[in-house]
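Read the figures in this text as sums done on the coordinates, not as results from a lab. Worth saying up front: this structure is predicted, and the values here are computed from it rather than measured. Here the Cβ is made from the backbone with ideal geometry for all residues, glycine too, and neighbour counts use every protein chain on show.
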Amino acid sequence: MMETLIADDDFLTLRMIEALLMKWGYKVITANDGNEAWQILNNENAPRLAILDWIMPGMDGIDICRKVRALPDSDMTCLILLTSKSRKEDIVAGLEAGANDYIVKPFNHEELRVRVQIARKMIELQSALKDRVKELEKAMVHIRTLQGILPICSYCKKIRTDKNYWQQLESYLAACSEVRFSHGICPECYETYVKAELEELDKM
């Protein structure tokens, strides 16, 4: 269940949006002014979706957008401005401040539902992309490890790991990459070891 912040100083608007979002399956947190909304968004476990009234006591919606966008990983937060301002220059100002979307009061319930749904999808895609980047970074660490100089024992052919442990070559490669081994016998080893043993068995 996605957690969503609604910030509006108008009690009726706040409760109406809260009821709608809960009906659509969202977990809702509310704030009655801009300062309270900023305190909620400025923490590690902040909601990733926020519907902000433009004009509120304390900090307004525009200021909140700017401050959120200055935070690390702010691209993971989707901000929707809710306001009675409808001029094109107002819309541009809201988007330039960091809002992802803009809803003009009075709004249609279905419009709100669709815009929130789009915002949710955007957050899910950003989260999936972030996870994929982490996977790629992890893979690159493995690649860099295998590209480096590997200390190997001249006698037993064990590899010395980064933690100064000596490990069998096949175990080391299996731990540092997606390599998996199947075992066989090369022609040279067959002649040197296996053939001699077979000949001894035949003599018995």
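Results, tabulated for the structure shown:
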quantity: Average projected area [Cα convex hull, segment 3-134], square nanometres; calculated: 7.6 nm²
quantity: Length added when fully stretched, Ile152-Gln168, from 0.36 nm per residue minus Cα-Cα; calculated: 4.8 nm
quantity: Which listed pairs, of Lys23/Lys134; Lys67/Lys88; Lys67/Lys105; Lys23/Lys121; Lys130/Lys163, have C-alpha distances above 26 Å, in listed order; calculated: Lys23/Lys134; Lys130/Lys163
quantity: Relative exposure of Ile55, Ile6, judged by other C-beta atoms within 10 Å (fewest first); calculated: Ile55, Ile6
quantity: Top positive-direction residue, dipole computed over segment 3-134 with Cβ charges, set Asn43, Leu95, Gly25; calculated: Gly25
quantity: Segment 16-102: chymotrypsin sites (Phe, Trp or Tyr not before Pro) falling in loop per DSSP and having at most 16 other Cβ within 10 Å; calculated: Trp24
quantity: Order of Leu125, Leu79, Leu71, Leu21 under a 10 Å beta carbon neighbour criterion, fewest first; calculated: Leu125, Leu71, Leu21, Leu79
quantity: Ordering of 127-137, 110-120 by burial proxy (mean other Cβ atoms within 10 Å per residue, highest first); calculated: 110-120, 127-137
quantity: Fewest-first ranking of Ser74, Ser86, using other Cβ atoms within 10 Å as the exposure measure; calculated: Ser86, Ser74
